[in-house]
């Protein structure tokens, strides 16, 4: 089976993100329309219901460097959040987050954002106390 080139995969993700064809609980797109290398992205996660994250909107940055999609993107929260897989600077820790740790080329930014949201809603994390709404790293 042939490998889809990085740019084709990112163009596909960009189109899906811009058209809102993915899950309604997340969104993502390029940080700058001038980014011809499609490296720097913004992501948003709506906090899952029935959790301390409910009615909150979390902003993230996603960096898809030259190694993407063979290697996972670098994901960092801008909005402060208390999750075991996020360090004190908002960086999502690869070794603490299964989706990044067990990265597959078929995964996408949508996969990462949905799995982070699922982590927020998990029984272990949904009641964790959170920083003040609107606070950032």
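Keeping to the range 30-63, report how many residues are within 20 Å of residue 76 (Cα to Cα), touching a helix residue (DSSP H, G or I) at 6+ places or on another chain (Cβ under 8 Å) and either modelled with pLDDT under 95 or surrounded by fewer than 13 Cβ atoms within 10 Å (Cβ to Cβ) (or both).
Number satisfying all stated conditions: 0.
Would the range 90-100 turn up any residue that is within 24 Å of residue 10 (Cβ to Cβ), in contact (Cβ under 8 Å) with a residue 40 or more places away in the chain and outside any loop (DSSP other than H, G, I, E, B)?
No: zero hits.
Filter the range 109-125 for residues that are under 9 Å from the mean Cα position of the chain (by Cα) and either assigned to a loop (DSSP other than H, G, I, E, B) or without any contact (Cβ under 8 Å) to a residue 24 or more places away in the chain (or both) and give the result.
Listed by number, the residues that qualify are 111, 115.
Working only within the range 17-29, note down all residues that are under 30 Å from residue 124 (Cβ atoms) and either out of contact with any helix residue (DSSP H, G or I) (no Cβ under 7 Å at 6 or more places or on another chain) or part of a strand (DSSP E or B) (or both).
17, 24, 26, 27, 28
Does any residue of the range 6-25 turn out to be modelled with pLDDT of 95 or more, buried (at least 20 other Cβ atoms within 10 Å of the Cβ) and within 11 Å of the chain's Cα centre (by Cα)?
no
The values are calculated or read from the model by the stated rules, or taken from the named source; none is laboratory data. Since the model is a prediction, treat every value here as computed from it, not as a measurement. Don't worry about glycine lacking a Cβ; one is built from the backbone with ideal geometry, like all the others, and counts go over all protein chains shown.
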